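K.L.:
Sending over a structure as structure tokens; questions will come in a sec.
The values are calculated or read from the model by the stated rules, or taken from the named source; none is laboratory data. Only a predicted model underlies this, so the values are computations on that prediction, with no experimental measurement involved. Here the Cβ positions follow ideal geometry from the backbone for every residue, glycine too, while neighbour counts run over all protein chains shown.
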């Protein structure tokens with residue numbers, strides 16, 4: 001699986017490979033689009049495994065053999081077929097002309113790596129380790145490689161896909177919106193009713209006419225008013 005997640009190491013080096021674990025959890029439909037398919041040559045469904053099986057099936061269907069680096073039990077293709085038929089088929093897969101149905105897995109574990117190198121072996125190590133392994137010191141330096149794999153941190157990262165809104169939040173939002181709209185509607189009706197009532201009161205007040213009360217004064221009242229100087233000039 002060098003073409004998907006492998007690391008190439010050169011001889012004459014000591015490689016230090018730091019690994020970080022990442023867990024992915026995706027939702028199934030209708031909240032997500034994940035799906036775990038049953039693979040033929042892998043126990044656990046992964047995107048890399050699905051793509052490798054898909055490429056192997058396209059090569060087998062078009063070339064009647066299997067590429068040596070792809071999974072399967074069919075006979076491997078010979079070198080001429082590899083350079084003619086297999087290469088052309090894999091190029092079509094890369095360009096998208098031949099499709100692969102590989103959905104996102106619902107649960108997936110990924111390992112990201114970072115590599116650093118140091119020269120190995122030095123002169124003293126080569127002269128000591130070579131004879132103990134039955135090898136010439138020069139052969140050990142040209143063909144041997146040492147690598148150390150370790151966790152970058154003693155923890156892991158988990159990425160979980162969550163629902164944008166669950167059942168409780170949906171019910172709460174619907175109830176809140178209904179309360180807001182119904183409350184606003186009642187308040188609006190009350191304001192309209194108050195406005196109409198004020199207008200009606202104003203119209204009724206304009207139709208009223210002041211009443212004039214005429215009182216006939218008696219002779220005694222008239223004489224008394226004259227005597228009091230009410231009409232005296």
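K.L.:
Take the conditions surrounded by 14 or more Cβ atoms within 10 Å (Cβ to Cβ) and either out of contact with any strand residue (DSSP E or B) (no Cβ under 6 Å at 6 or more places or on another chain) or over 30 Å from residue 62 (Cβ atoms) (or both) and apply them to residue 144. Does it pass?
P.N.:
yes
K.L.:
So, one more: Only one of (1) within 25 Å of residue 157 (Cα to Cα); (2) in contact with a helix residue (DSSP H, G or I) (Cβ under 9 Å, 6 or more places away or on another chain); (3) in contact (Cβ under 8 Å) with a residue 40 or more places away in the chain is not met by residue 18, so which one is it?
P.N.:
Answer for residue 18: the failing condition is (2).
K.L.:
Scan region 3-13 and tell me whether some residue there is under 16 Å from residue 111 (Cβ atoms), touching a strand residue (DSSP E or B) at 6+ places or on another chain (Cβ under 7 Å) and loosely packed, with under 14 Cβ neighbours inside 10 Å.
P.N.:
yes
K.L.:
Quick one: is residue 33 closer than 30 Å to residue 164 by Cα, in contact (Cβ under 8 Å) with a residue 60 or more places away in the chain and surrounded by fewer than 13 Cβ atoms within 10 Å (Cβ to Cβ)?
P.N.:
no
K.L.:
When you check residue 62 against the structure, is it surrounded by 14 or more Cβ atoms within 10 Å (Cβ to Cβ), in contact (Cβ under 8 Å) with a residue 40 or more places away in the chain, in contact with a helix residue (DSSP H, G or I) (Cβ under 7 Å, 6 or more places away or on another chain) and on the phi < 0 side of the Ramachandran plot, yes or no?
P.N.:
no
K.L.:
Which condition from (1) within 28 Å of residue 160 (Cα to Cα); (2) at pLDDT 90 or above; (3) surrounded by 14 or more Cβ atoms within 10 Å (Cβ to Cβ) is the one that residue 47 breaks?
P.N.:
The failed condition is (2).
Matching residues to (1) under 18 Å from the mean Cα position of the chain (by Cα); (2) assigned by TED's automatic domain parsing to the domain that holds residue 142:
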| site | (1), (2) |
| --- | --- |
| 13 | no, yes |
| 17 | no, yes |
| 20 | no, yes |
| 30 | yes, no |
| 41 | no, no |
| 45 | no, no |
| 50 | no, no |
| 57 | no, no |
